[in-house]
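Take a look at the structure set out below.
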Amino acid sequence: LPQADLVARYDAEIKHLSPLVKPLARTPGVAPAWHLYVALIDFRALRVDRGTVMRRLASQCIGTQVHYLPVYRQPYYREFDPDLRLPGADEYYRRTLSLPLFPSMEDGDPARVVAALATALNL
């Protein structure tokens with residue numbers, strides 16, 4: 001399936017987990033490359049940490065990642081301004097989880113991933 005179709009399937013499935021789980025906001029008129037499907041998850045409200053959710057998903061053969069550590073927190077940039085704080089970047093990082101998105105995914109894969117995510121989040 002084309003990536004945009006997979007994203008549409010993810011969007012349809014994830015809306016049932018709102019407001020605790022949402023897709024990354026989109027900018028009107030912009031056509032993303034769709035190399036990532038980012039879910040923003042309120043781990044605090046759900047009282048579960050991201051690492052636990054990632055391990056639970058991995059036990060279901062669903063790989064996830066965190067994209068990306070805020071640039072200002074990278075060692076290279078910390079040297080320039082070790083006291084810099086960017087709360088918006090930190091808030092995004094605290095809530096982000098990238099779900100599988102790749103060309104060989106099949107029609108039902110986004111539904112399977114989101115169902116496993118709901119279980120991993122105890123929803």
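Name every residue in segment 68-90 that is within 30 Å of Arg9 (Cβ to Cβ) and either surrounded by 12 or more Cβ atoms within 10 Å (Cβ to Cβ) or not small (Gly, Ala, Ser) (or both), in order of residue number.
Taking segment 68-90 and keeping what is within 30 Å of Arg9 (Cβ to Cβ), we get 68-70, 88-89.
Result: Tyr68, Leu69, Pro70, Ala89.
Does segment 33-55 contain any residue that is modelled with pLDDT under 95, among the aliphatic types (A, V, I, L, M) and surrounded by 13 or more Cβ atoms within 10 Å (Cβ to Cβ)? Yes, that holds for at least one residue.
Being part of a loop (DSSP other than H, G, I, E, B) and closer than 26 Å to Thr119 by Cβ: is that true of Phe80 here? Break it down stepwise before answering.
Numbers: part of a loop (DSSP other than H, G, I, E, B): yes; closer than 26 Å to Thr119 by Cβ: no.
Taking the combined requirement at face value, the residue does not satisfy it.
Select, from Ala118, Ala58, the only residue that is touching a residue at least 40 places away in the same chain (Cβ under 8 Å), at negative phi and among the small types (Gly, Ala, Ser). Even if it seems obvious, please write down each step before you answer.
Working: Ala58 fails: touching a residue at least 40 places away in the same chain (Cβ under 8 Å).
Going through Ala118, Ala58 in turn, the sole match is Ala118.
Tyr93 meets the conditions (1) open to solvent by 50 Å² or more (accessible area, probe 1.4 Å); (2) not in a helix (DSSP H, G or I) in every case but one. The failed one is (2).
Residues in segment 10-32 that are within 22 Å of Leu117 (Cα to Cα) and either loosely packed, with under 10 Cβ neighbours inside 10 Å or touching an Asp or Glu at 6+ places or on another chain (Cβ under 6 Å) (or both): how many? Outline the logic, then answer.
As a first pass, look at segment 10-32 and keep what is within 22 Å of Leu117 (Cα to Cα): 10-26.
If we keep only those that are either loosely packed, with under 10 Cβ neighbours inside 10 Å or touching an Asp or Glu at 6+ places or on another chain (Cβ under 6 Å) (or both) as well, we get 18-20, 23, 25.
Number of matching residues: 5.
For first residues located in segment 18-47 and part of a loop (DSSP other than H, G, I, E, B), partners that are open to solvent by less than 60 Å² (accessible area, probe 1.4 Å) and among the hydroxyl-bearing types (Ser, Thr, Tyr) and lie 6+ apart or on another chain with Cβ distances below 9 Å form the pairs Leu24/Tyr37; Leu24/Thr96; Leu36/Ser98.
The values are calculated or read from the model by the stated rules, or taken from the named source; none is laboratory data. All figures in this text were calculated on a predicted structure; none of them were measured in a lab. Methodologically, a virtual Cβ is constructed for each residue, glycine included, from the backbone with ideal geometry; neighbour enumeration extends over all protein chains shown. Areas reflect the complete protein model, heavy atoms only, side chains present, ligands, DNA and RNA absent. Shrake-Rupley method; radii C 1.70, N 1.55, O 1.52, S 1.80 Å.
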